[in-house]
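The values are calculated or read from the model by the stated rules, or taken from the named source; none is laboratory data. All figures in this text were calculated on a predicted structure; none of them were measured in a lab. We place every Cβ from the backbone using ideal geometry, glycine too, and count neighbours over all the protein chains shown. Each accessible area value is taken on the protein alone, full model and side chains, heavy atoms only, with ligands, DNA and RNA left out. Shrake-Rupley method; radii C 1.70, N 1.55, O 1.52, S 1.80 Å.
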Amino acid sequence: MEIQKKLGAIEAILFASGEPVEIYRLAQASETDTGTLSSMIKLLNDRYDDCGSGIYIARLDSSYQMCTRQEFAPQIRAALETKKNTPLSNAAMEALTVIAYNQPVSKGFVESVRGIDSSSVINNLVEKGLVEEAGRLDVPGKPIVYRTTPVFLRSFGLSSLAELPPLSGNPLETDEVFSGRAEDSETDMETD
């Protein structure tokens, strides 16, 4: 397949999916290797930048996803008549921070760190798609464990969990790390 067709195939796959596509699957479907795929994604993003496109391709850990640019969120919201999501509460940011830095973790672990019942907060994070169930612990009661999702990575502008800032002092103080991104990221979550 010639380069232009491969670029078109990558673009079409990501557009049609609407969800993150694993790198190996995207490489296989576009008949290219993963190293070349990375270069092709960069080429597509450069093209989008050059023409002022409203989309870009984001890397989310071991996958890629086509996303809308945050600066066009007001127009997207107006066109789709979506209601504005409320920013994450301090409690949600605390729980999300505990999960992000210690995953996979049980609700009981989050509660022991926070010192308060976290059931509704974790359910809210699951509803927003920021965390998901990651199985069960092999202990009595078999509690569910949670981990962050690609939506979490995209919402906070991260390619992988390795990009999380290092913890210093009290882990619950890290919600300051996310506070600037969290308010901006709400729009990103509802428009992708």
Being outside any helix (DSSP H, G or I), hydroxyl-bearing (S, T, Y) and either open to solvent by 40 Å² or more (accessible area, probe 1.4 Å) or in contact (Cβ under 8 Å) with a residue 60 or more places away in the chain (or both) narrows it down to one residue among Y64, Y101, Y56; which is it? Y56
Specify the residue that is farthest from the chain's Cα centre (by Cα); the eligible residues are those in the stretch 26-36 that are more than 20 Å from L158 (Cβ to Cβ) and surrounded by 13 or more Cβ atoms within 10 Å (Cβ to Cβ). T32
Restricting the stretch 104-142 to residues that are under 16 Å from L153 (Cβ atoms) and assigned to a loop (DSSP other than H, G, I, E, B), which is least open to solvent (accessible area, probe 1.4 Å)? L130
Filter result (at pLDDT below 90 and aliphatic (A, V, I, L, M)) within the stretch 61-95: A73, I76, A78, A79, L80, L88
If you take the residues in the stretch 14-37 that are assigned to a helix (DSSP H, G or I) and in contact with a Phe, Trp or Tyr (Cβ under 9 Å, 6 or more places away or on another chain), which one is nearest to R69 (Cα to Cα)? L14
I'm checking my understanding of the structure. Among residues of the stretch 38-53 that are in contact (Cβ under 8 Å) with a residue 12 or more places away in the chain and open to solvent by less than 20 Å² (accessible area, probe 1.4 Å), which one is farthest from E71 (Cα to Cα)? M40
Qualifying residues in the stretch 143-167 (those that are assigned to a helix (DSSP H, G or I) and open to solvent by 30 Å² or more (accessible area, probe 1.4 Å)) - the one farthest from C67 (Cα to Cα): A162
Is it the case that G18 is at positive phi and small (G, A, S)? yes
